[in-house]
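Okay, so here's the structure we're looking at.
The values are calculated or read from the model by the stated rules, or taken from the named source; none is laboratory data. Keep in mind that this is a model prediction, so the values were computed, not measured. Virtual Cβ from ideal backbone geometry, glycine too; neighbours counted across all protein chains shown. Calculation scope for accessible area: heavy atoms of the full protein, side chains included, ligands and nucleic acids excluded. Shrake-Rupley method; radii C 1.70, N 1.55, O 1.52, S 1.80 Å.
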Amino acid sequence: MHGSHYATLASHSTQLPGYPYATVLPYVLDQAHRPLLLISALAEHTRNLLGDGRCSLSVVEDGVSDVQAGARLTLLADAQRIEPEPALLQRFCRYQTAAEDLLQLDFMFFRLQPLRLRYIGGVGRMGWLEAPELDGPPQLTLEEEAALLRQAVVADGIQLLGLDTLGADYRVADTPGHQRLQWPDAMPSGEGFAAAALQALAALAPG
């Protein structure tokens, strides 16, 4: 989910009850690895979510030539309309630079609260994760993330977008989308995490 930029959202159609309505849109993950959506009040999927928050999000691994051989997941969730706190809004706007302009219009935030996740890692590699398991990844608070972003020194041409306990997201120059730096398996936790993260970010190269 951290490595992709957009997903397919399926909501309950208000115009044809009983039928799913699917649409492609961008998302950003919050500090607890939950998807955030910024969508217009005029959009069909927004009206659907306001009527029934039960939804599904489908994410496909970026850059695969054979979608059936790549990693993909389907998230079943409850969509909840929210007013993000300032630090969360800043995080969202780093990823989606048009968000500030959209907020001057009729756009609103929804957070997807995961219930179940179906992960497929390729042919014959699949399984379900339940809500308690989805709470498993450790989290950085928004305050801890902001402090690391202030301290980080990166190469010219790299813009840091966000940090979490699994990796860091960044944009190279003005290229669309973002790239993902996955922390190594031996990444320390606790007090050693910040120093190790800053060291890994300093080694980033635009290429």
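Among the numbered criteria (1) more than 27 Å from Leu142 (Cβ to Cβ); (2) in a strand (DSSP E or B), which one does Ala79 miss?
It fails just one condition, (1).
Tell me the residue from Gly127, Gly177, Gly136 that is without any contact (Cβ under 8 Å) to a residue 12 or more places away in the chain, part of a loop (DSSP other than H, G, I, E, B) and within 24 Å of Ser56 (Cβ to Cβ), please.
Unique residue meeting the criteria: Gly136.
If I ask for residues that are open to solvent by 40 Å² or more (accessible area, probe 1.4 Å) and either in a helix (DSSP H, G or I) or at pLDDT 95 or above (or both), which ones from the stretch 90-104 would you list?
Of everything in the stretch 90-104, those that are open to solvent by 40 Å² or more (accessible area, probe 1.4 Å) and either in a helix (DSSP H, G or I) or at pLDDT 95 or above (or both) turn out to be Gln90, Arg94, Glu100, Asp101, Leu102.
Return the residues of the stretch 47-65 that are open to solvent by 80 Å² or more (accessible area, probe 1.4 Å) and either free of Cβ contacts under 8 Å to residues at least 24 places away in the same chain or hydrophobic (A, V, I, L, M, F, W, C) (or both); say none if nothing qualifies.
Of everything in the stretch 47-65, those that are open to solvent by 80 Å² or more (accessible area, probe 1.4 Å) and either free of Cβ contacts under 8 Å to residues at least 24 places away in the same chain or hydrophobic (A, V, I, L, M, F, W, C) (or both) turn out to be Leu50, Gly63, Ser65.
Any residue in the stretch 190-207 that is part of a loop (DSSP other than H, G, I, E, B) sitting within a Cβ distance under 9 Å of a residue that is among the acidic types (Asp, Glu) and open to solvent by 30 Å² or more (accessible area, probe 1.4 Å)? List the pairs, counting only those 6 or more apart or interchain.
Note: pairs meeting the criteria are Pro206/Asp156.
Report, by residue number, each residue of the stretch 150-165 that is within 16 Å of Arg91 (Cα to Cα) and in contact with a strand residue (DSSP E or B) (Cβ under 7 Å, 6 or more places away or on another chain).
Ala152, Gln159, Leu160, Leu161, Gly162
Residue by residue, here is whether (1) touching a helix residue (DSSP H, G or I) at 6+ places or on another chain (Cβ under 9 Å); (2) at pLDDT 95 or above; (3) farther than 24 Å from Gln90 by Cα holds:
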| residue | (1), (2), (3) |
| --- | --- |
| His12 | yes, yes, yes |
| Gln15 | yes, yes, yes |
| Val24 | no, yes, no |
| Leu38 | yes, yes, no |
| Ala41 | yes, yes, no |
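Any idea which residue in the stretch 66-89 is most open to solvent (accessible area, probe 1.4 Å), counting only those that are without any contact (Cβ under 8 Å) to a residue 24 or more places away in the chain and over 14 Å from the mean Cα position of the chain (by Cα)?
That would be Pro86.
Output the number of residues of the stretch 22-46 satisfying the condition of being surrounded by fewer than 18 Cβ atoms within 10 Å (Cβ to Cβ) and either of a type in the set (Phe, Trp, Tyr) or assigned to a helix (DSSP H, G or I) (or both).
Counting residues in the stretch 22-46 that are surrounded by fewer than 18 Cβ atoms within 10 Å (Cβ to Cβ) and either of a type in the set (Phe, Trp, Tyr) or assigned to a helix (DSSP H, G or I) (or both) gives 1.
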